[in-house]
1. If a residue has to be surrounded by fewer than 18 Cβ atoms within 10 Å (Cβ to Cβ) and free of Cβ contacts under 8 Å to residues at least 60 places away in the same chain to count, how many in the stretch 102-116 make the cut?
2. For TRP246, are the conditions met, namely being under 30 Å from VAL100 (Cβ atoms) and of a type in the set (A, V, I, L, M, F, W, C)?
3. For ILE204, all conditions in the list (1) without any contact (Cβ under 8 Å) to a residue 60 or more places away in the chain; (2) open to solvent by 30 Å² or more (accessible area, probe 1.4 Å) hold save one; what is the number of the exception?
4. Being open to solvent by 30 Å² or more (accessible area, probe 1.4 Å), at pLDDT below 85 and under 30 Å from THR220 (Cβ atoms) narrows it down to one of HIS336, HIS309, so name that one.
5. Looking only at the stretch 341-350, how many residues end up being surrounded by 12 or more Cβ atoms within 10 Å (Cβ to Cβ) and either farther than 15 Å from GLY243 by Cα or in contact with a Leu (Cβ under 6 Å, 6 or more places away or on another chain) (or both)?
6. Could you give me the residue pairs with C-beta distances under 9 Å whose first residue belongs to the stretch 183-197 and is of a type in the set (Gly, Ala, Ser), whose second residue is surrounded by fewer than 22 Cβ atoms within 10 Å (Cβ to Cβ) and in a strand (DSSP E or B) wherever it lies, and which are 6+ apart or on separate chains?
7. Of ILE227, ILE198, which residue is in a helix (DSSP H, G or I), within 14 Å of the chain's Cα centre (by Cα) and crowded, with 20+ Cβ neighbours inside 10 Å?
8. Answer yes or no: is there a residue in the stretch 120-128 that is out of contact with any Pro (no Cβ under 8 Å at 6 or more places or on another chain), part of a strand (DSSP E or B) and surrounded by fewer than 18 Cβ atoms within 10 Å (Cβ to Cβ).
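The values are calculated or read from the model by the stated rules, or taken from the named source; none is laboratory data. Quantities reported herein were computed from a predicted structural model and do not represent experimental measurements. Note: ideal-geometry Cβ built from the backbone for every residue, glycine included; neighbour counts use all protein chains shown. Surface accessibility is based on the protein's heavy atoms, side chains included, excluding ligands, DNA and RNA. Shrake-Rupley method; radii C 1.70, N 1.55, O 1.52, S 1.80 Å.
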Amino acid sequence: MRLPCELVQDILPLYVEEDVNPKTRDLVEKHLEECGSCQDFLRELKNEEPVLDNIPENLPEPDTFKKWLKRLRIGAVVGLIALILAAVGIGVVGYKAGTVAEKETISTRDVVKVLKKAGLSLKASQSPVVDPSECILGDVQPKVYGLDEEGLGQLYIYEFDSTLGRRNVLEGIKNMEDDPFARSQIPSVAYAAKNMVIIVVLNISEENWQSDYGKIAPITQTLGKTIFHDLNQGEKWVLYGDGKHWEAKLVVSAYEEWWTGEDGYKKFKFYMTKTPLVKYKGNPEEIKDINYSFEYLTGKSTMAGEEYHQGNFDEEQTSFYNGSPLYWGIYGGTTHTIDKNETGKFSVQWSGEEESFELTLQEP
């Protein structure tokens, strides 16, 4: 029995991602042997350069089956419907939940889909700020997309064969001269996610910097947040402590990166940033000769005088969404994981007084 084209086209996005079971795959492939229109649809899905305005989002909804069941004889579909419902049901859950999280390597299409769900509608750029042929990393040439209608921001997406391949290329970028964007003196910031490098390039003149950056900043913030949480599966948590004179917070953001090494073994690094915040309960103008420190895990950070800030204690901390210059290698990491329930310590000396207390995980 021949499957309806509309059902097959609903399943094809899962088929391309290899997210269907073998029986469903066989049924789809048998249909494709005989159906030219579904073959064309499959070729569009597999196209390396996605047509962003036409990425299929029509995954099966409950009413899909009602529509095509009416066209088939009930006796002929009893066995088939159980198979299709089971296969598609499992596939849709995995697809909609974000199979990106489970993959060691992802594609440009995966990145585009995730960003689109975050509200960023990318469009292929016809006038890149930097010619893609002049900013090749390793042997990978980027695909370039516009981030906004005014052309203030562009996204350069590099798709490497593996996370190891991406890491090897970035480790070879030692300074500004090795960074094609810094070398061109064009403002840029880079992110890494699995086997991908994603670079934001700002097309902003110096005279219009303040006004234009105010327009593009919310978009780049959404981008960084989406890469951190949805592509790298990052977590953010807060350690908090309260004393007689002071309150202290340590905002921690972290994620693990896994890859297969050249020896065939799985390897990982743990990336973490820590943002220290303090708040004095008295009059800040009375503070003199201050120095304070945060201890957490194996690290201790000490600050003094001019590094003290009173005003941002209760603001949401988003600095870890900002990426980094490409020649920094994007991130630095360690080879150990942590228990976020582990406690920290805050100590402060000011105006001849001192105080210290424990920092513990603050519940959301």
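1. Total satisfying the criteria: 1.
2. no
3. The single condition ILE204 does not satisfy is (2).
4. HIS309
5. 4
6. Qualifying pairs under 9 Å: SER188/LEU202; ALA190/SER324; ALA192/GLU257; ALA193/GLU257.
7. ILE227
8. yes
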